[in-house]
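The values are calculated or read from the model by the stated rules, or taken from the named source; none is laboratory data. What you see is a predicted model, and the numbers here were worked out from it, not measured in a lab. Methodologically, a virtual Cβ is constructed for each residue, glycine included, from the backbone with ideal geometry; neighbour enumeration extends over all protein chains shown.
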Amino acid sequence: MPAGEPVPCRVTVCRGCCCGTSKVPGLDHDQQVADLARRVPTRVSECLDVCAQANVVVVQPSAAGRRAGGRPVWLGLVNDDAVLDDLTAWIDAGGPGIAVPPAVLDLYAIPRPPAGT
């Protein structure tokens, strides 16, 4: 990213032991990551230790969002296109710290696991 450009929201997609595997059937996991990556800066992580909530996505606030008090938002059971649409619409509107998330994302919100788990 060129110097002076704002740092956007970023998404981390878990693809560890449970997320991104056949444990979540009926979902093209590679396509899910590709769809997100076309819409928002996306990175793939190993296990984020919230396996019961597969697939897990973490939305990191933009630099402006962090200055406004935004913190990472953890979402679980992100297993269909509709939630991806709501997620990316929220990010397009500014994401954590800037825009109020669509109410439906409250259904997917999960706590961050304790450090060292």
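Here are a few things to note about the model shown:
- When residue 76 is tested against (1) modelled with pLDDT under 95; (2) under 14 Å from the mean Cα position of the chain (by Cα), just one condition goes unmet, and that condition is (1).
- Close pairs (8 angstrom Cβ cut-off, 6 or more residues apart or separate chains): at negative phi in the stretch 14-37, in a loop (DSSP other than H, G, I, E, B) and basic (Lys, Arg) anywhere: 29/15; 33/15
- Matching option when the condition is in contact with a Ser or Thr (Cβ under 6 Å, 6 or more places away or on another chain), of a type outside the set (A, V, I, L, M) and at pLDDT below 95, among 35, 49: 49
- Exclusive hit being in contact (Cβ under 8 Å) with a residue 60 or more places away in the chain and under 11 Å from residue 14 (Cα atoms), set 44, 58, 50: 50
- From 97, 69, residue being farther than 14 Å from residue 11 by Cα, free of Cβ contacts under 8 Å to residues at least 60 places away in the same chain and touching a helix residue (DSSP H, G or I) at 6+ places or on another chain (Cβ under 6 Å): 97
- Residues (in contact with a Lys or Arg (Cβ under 6 Å, 6 or more places away or on another chain) and either over 13 Å from residue 74 (Cβ atoms) or of a type in the set (Val, Ile, Thr) (or both)) located in the stretch 18-61: 41, 44
- The listed residue being within 21 Å of residue 91 (Cβ to Cβ) and crowded, with 16+ Cβ neighbours inside 10 Å, out of 60, 31: 60
- Enumeration of residues in the stretch 86-111 that are loosely packed, with under 14 Cβ neighbours inside 10 Å and either touching a Cys at 6+ places or on another chain (Cβ under 9 Å) or closer than 19 Å to residue 42 by Cα (or both): 92, 93, 109
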